[in-house]
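Comments concern the structure below.
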2 protein chains.
Amino acid sequence: MREDTSKHSIDTRSRILDAAEALFMEHGFDGTSMRLITAQAGVNLAAINYHFGSKELLFQEVFRRRLTDLNRRRIEALDALEAEAGGAPLKPSRIVEAFFGTALRMAADVEGGGHTFMRLLGRTYTEPNDFVRQFLAEEYAECVDRFLAALYRALPEVARTEILWRFHFMMGAMSYAIAGTDALQLLAGKFDDEDPARLASRLMSFLLGGLRAPLADPGPA
Amino acid sequence: MREDTSKHSIDTRSRILDAAEALFMEHGFDGTSMRLITAQAGVNLAAINYHFGSKELLFQEVFRRRLTDLNRRRIEALDALEAEAGGAPLKPSRIVEAFFGTALRMAADVEGGGHTFMRLLGRTYTEPNDFVRQFLAEEYAECVDRFLAALYRALPEVARTEILWRFHFMMGAMSYAIAGTDALQLLAGKFDDEDPARLASRLMSFLLGGLRAPLADPGPA
DNA sequence: GTATGATTAAAACAGTTGTTTGAGTTTGTG
DNA sequence: CACAAACTCAAACAACTGTTTTAATCATAC
């Protein structure tokens, strides 16, 4: 519950956060018990409720400590693009790169924990828990609004609904790509080595291809 | 545990399966209790263990009764394509249409339960439970092998690793698109009405755009 | 050193989990 | 009708859930 205090406790806090991040990623929210987290972190069971208040609040803190950073960096990248363009509309591919490239760079950081977190994030997009969805939506709101506005301006001739859908599809491809590479080995066998580093460039060209694809036939009304 | 028997029990069985399908979709495997399922199905708590053996086996049966059908239809569509081509290599877009279009048509069937199931399936790709992943991988193996082989033959000049990745990305975009339309409202507000019917054509043109995108720069080795 | 507050520790809390039991009811067959 | 199998039911099982409590330990300022 405390904000932050002596060095004694900040160690316990971050040990809990690290263990929780890895375990939530592996087993989901409902599948991860407090006893599992505290055992892996090497702290007492009551420490979670003492430091975070509840399991839900711990979960939110696991996200907040990284997601705030991620979305801030995304917005900074967009700011830089707009400053560079000086009022002129941006290239859609640059916008997409700013949003997804930033995330993919975080996912490539294995030692710092960014990789684990991005896998957790990818899975959490489809988490069934209500409070998780609402929390994520709030945490994303500002960043998504900024990027959608930029895309609307960059593609004035395209219906906004279509841009929304494409953005949605791109989110899905990225989430799944990050969350699923070593999770569900549906395409078993052939993925293994050397690849994670090149995931970013592969995914990015796929996303841009999808973004640039001709709009679908509206079909029979 | 029984294979199938009197009309008394097949009603109980399918009532359980229907309730479980909807609840697993809404709350996930760990988040759905047996008491919740049996209450919604209007049957006794012990009925699940009696008819299916365990919660895990019920979960698998929820998938098997629809997934077997889906993948069989996919393979039939591919068979039809190959018969029509008579030995000539297929157009990649036709292959992709056979795989994803079949799924999207199932997802468009709201009354028959296909919609609910496909949303469940989309979420389950990133389910953290071990037995779920292994079960899905087995259930998909034959179908995925057939379609990958077809894509390899249709795109002989493209490295197989690249095809694998693109297939992976396409799976992600579709899963997320189906599972997430009314789940995580990250792109809140603007999706609502009239759209679900046109999801298929929108997604398909996005997927094909991604599939046709120029290959990524291999980058620094 | 002693007092003060922050942190940790072990134990217990009430509630929920999936599963099993054993008696009851229904169903189909001779 | 009688018999046996299939099925349903309420109750209980032990194990586990997140949380709280109470006492012990630690760090720090006076």
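The values are calculated or read from the model by the stated rules, or taken from the named source; none is laboratory data. Everything numeric here is computed off the predicted structure, so don't read it as measured data. Positions of Cβ are generated from backbone atoms using ideal geometry, with glycine treated the same way; all protein chains shown enter the neighbour counts. Surface accessibility is based on the protein's heavy atoms, side chains included, excluding ligands, DNA and RNA. Shrake-Rupley method; radii C 1.70, N 1.55, O 1.52, S 1.80 Å.
Summary of values
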item	result
Looking only at region B:12-50, and only at residues there that are within 12 Å of DNA strand D (Cβ to nearest atom), without any contact (Cβ under 8 Å) to a residue 40 or more places away in the chain and closer than 28 Å to residue A:26 by Cβ, the one that is nearest to the chain's Cα centre (by Cα)	B:31
Whichever residue in region B:51-73 is under 19 Å from residue B:26 (Cβ atoms) and open to solvent by 70 Å² or more (accessible area, probe 1.4 Å) and, among such residues, is farthest from DNA strand C (Cβ to nearest atom)	B:65
Region B:93-140, subset more than 12 Å from the chain's Cα centre (by Cα) and small (Gly, Ala, Ser), residue farthest from the other protein chains (Cβ to nearest Cβ)	B:112
Residue list for region B:128-180, filter: open to solvent by 10 Å² or more (accessible area, probe 1.4 Å), part of a helix (DSSP H, G or I) and touching a residue at least 40 places away in the same chain (Cβ under 8 Å)	B:131, B:135, B:139, B:142, B:146, B:153, B:154, B:162, B:166, B:176
Condition broken by residue A:28, with the remaining ones in (1) at pLDDT 95 or above; (2) outside the structural domain of residue A:107 (by TED's automatic domain parsing) satisfied	(1)
Candidate set: region A:31-44, residues that are open to solvent by less than 70 Å² (accessible area, probe 1.4 Å) and not in a helix (DSSP H, G or I); chosen: the one nearest to DNA strand C (Cβ to nearest atom)	A:43
Residue B:76, sole failed condition from (1) surrounded by fewer than 17 Cβ atoms within 10 Å (Cβ to Cβ); (2) modelled with pLDDT of 95 or more; (3) within 11 Å of DNA strand D (Cβ to nearest atom)	(3)
